[in-house]
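The structure under discussion appears below in the form of C-alpha cells.
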Amino acid sequence: MGDLRKFYSLATIIFVGRSLVPMGGSDMAEAAALGKCTLFGPYASNFKQTVDALLAGKGAIMVKDKEDLLKQMQKCLTEPDFAKEIARNGQEVIRKNQGATQKTIDQIAKFLNPA
C-alpha cells in the first residue's frame, strides 16, 4: 500500500477502485484519512463500516455508476469548497474512529473479567 499512499498524497480528489463492479471494493479509509475528497462506487461491501461512517459524516461521496462518477468529479473540480468540505469531514470521521478496535477489546475484556 506504500505506492498507493504516495499517489494519494499527490491527489486532491480520489476515486477508490474496485467499487463500480461487484468486487467488494477497496479501503477508502486511507484516502479519507489523508484529507482527500474521496469517491467510491456502490460495491464496497468489504468495507461496510467505513462506508457507513463516511457517508453518515458526509466525508465521502458514493457514486452510482460511471456517469455519476463523472458528474461528481466535475462537481468536485468546479466547486473546490465542496471538495474541501468532503475532505475535511472524511478526515474527521476517520480520526474519530481511530482506536475503535482497541476500545471494543477493552469493553469485551471488562465483560469477561468483571472487577
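Data table
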item	result
In Hz, Karplus ³J(HN,Hα) per residue of the stretch 91-108 (6.51, -1.76, 1.60; θ = phi - 60°; x = Gly, Pro)	4, 5, 4, 5, 4, 5, 9, 5, x, 4, 5, 5, 4, 5, 4, 4, 5, 5
Under the Karplus curve 6.51 cos²θ - 1.76 cosθ + 1.60, θ = phi - 60°, whole-Hz ³J(HN,Hα) for the stretch 51-67, x wherever Gly or Pro sits	4, 4, 5, 5, 5, 5, x, 6, x, 6, 10, 9, 9, 7, 6, 5, 5
Residue order, fewest to most surrounding Cβ atoms within 10 angstrom, among 61, 105, 86	105, 61, 86
Computed E for residue 100/residue 45 - FRET, C-beta separation, R0 25 angstrom, nearest 0.05	0.85
The chain: relative contact order as a whole-number percent, Cα under 8 Å and 6+ apart	24
Difference of contour (0.36 nm per residue) and Cα-Cα distance, residue 7 to residue 71	20.8 nm
Span from the the stretch 53-79 Cα centroid across to the the stretch 1-51 one, whole angstrom	12
The stretch 28-38 - phi-based ³J(HN,Hα) in whole Hz, Karplus 6.51/-1.76/1.60, Gly and Pro as x	8, 5, 5, 4, 5, 4, 7, x, 9, 5, 10
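No lab work stands behind these numbers, since they all come straight from the coordinates. What you are looking at is a predicted structure, and each value in this text was computed from that prediction instead of being measured. Reconstructed Cβ throughout: ideal geometry from the backbone, glycine too, with neighbour counts over all protein chains shown.
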